[in-house]
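Have a look at the structure below, then the notes.
The values are calculated or read from the model by the stated rules, or taken from the named source; none is laboratory data. Computed from a prediction, not measured in an experiment: that's the story for all the values here. Virtual Cβ from ideal backbone geometry, glycine too; neighbours counted across all protein chains shown.
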Amino acid sequence: MVEMNKINIGFLASCRGTNMQAIIDACKNGSLPAEPAVVISNNGSSGALDRAKSETIPAYHLSNKNYPDAEQLDQVISDTLQEHAVDLVLLAGYMKMLGPITLRLFKGRIINIHPSLLPKHGGRGMYGKHVHAAVLAAGDTETGVTVHLVDGKYDTGTILAQHKISVKKDDSAESLAERVLSVEHEFYVETLDKILSGEIKIKGIAVTQT
């Protein structure tokens, strides 16, 4: 069996952190050659922070509540990721725009997952059930999941992978959300595995085989 050097993953999450947990579980069972290094949340009562603490992963609440100055907050987030030697930043339901310092330092190494087939139904305010309601309102016959690089705008970065699912005639925003989320967990892990194996190329991320 070929062993790979592990990379350090930093998570940014705002809510429950279920996608984050799926990735942590894959790291723990050896499916991904990666180490969860740190979790950052803008929500001090988020499930993501609770999950991090239960997994003994360093966890931080960093938001405008404790850092009102946007530039200072951006710097603290960047510093925290660096202090934990993060190689790859994963957004897992993170509801805030990253600042220019963090975007510059980790350019091309920040990944997000979005619950639609971008570029459709992306942009500011398009998250959670808002996305699924928009899919139904548009009469789309298919939707899905997109994993993409993060740039300075909402949901406009380079698309790395997509997975399609059919929209059922009797779907509600709630039922669609449930089916898409069940796909997200597995697909995020699958896409990361392709990145770490080199099947999907990301500049600055190279997992060395030994």
Of the residues in the stretch 135-172, how many are farther than 15 Å from F187 by Cβ, under 13 Å from the mean Cα position of the chain (by Cα) and among the β-branched types (V, I, T)?
1
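Please find, within the stretch 142-156, the residue that is farthest from F106 (Cα to Cα) out of those that are touching a Gly at 6+ places or on another chain (Cβ under 9 Å) and buried (at least 19 other Cβ atoms within 10 Å of the Cβ).
Filtering the stretch 142-156 for residues that are touching a Gly at 6+ places or on another chain (Cβ under 9 Å) and buried (at least 19 other Cβ atoms within 10 Å of the Cβ), the one farthest from F106 (Cα to Cα) comes out as T146.
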Helices (runs of 4 or more DSSP H) contained in the stretch 68-148 and holding at least 3 residues touching a residue at least 40 places away in the same chain (Cβ under 8 Å) and in the same structural domain as E174 (by TED's automatic domain parsing):
129-137
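Hey, does the stretch 33-40 have a residue that's under 26 Å from G108 (Cβ atoms), in contact (Cβ under 8 Å) with a residue 60 or more places away in the chain and assigned by TED's automatic domain parsing to the domain that holds S14?
Applying the first criterion (under 26 Å from G108 (Cβ atoms)) to the stretch 33-40 yields 33-40.
Still in the list and also in contact (Cβ under 8 Å) with a residue 60 or more places away in the chain: 33-34.
Those still in the list that are assigned by TED's automatic domain parsing to the domain that holds S14 too: 33-34.
Yes, the stretch 33-40 contains a residue that is under 26 Å from G108 (Cβ atoms), in contact (Cβ under 8 Å) with a residue 60 or more places away in the chain and assigned by TED's automatic domain parsing to the domain that holds S14.
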Do you know which of the residues in the stretch 1-47 that are out of contact with any Phe, Trp or Tyr (no Cβ under 7 Å at 6 or more places or on another chain) and assigned to a helix (DSSP H, G or I) is surrounded by the fewest Cβ atoms within 10 Å (Cβ to Cβ)?
K28
Working only within the stretch 154-180, note down all residues that are assigned to a loop (DSSP other than H, G, I, E, B) and either in contact (Cβ under 8 Å) with a residue 12 or more places away in the chain or within 24 Å of D193 (Cα to Cα) (or both).
Y154, D155, T156, G157, T158, V167, D171, S172
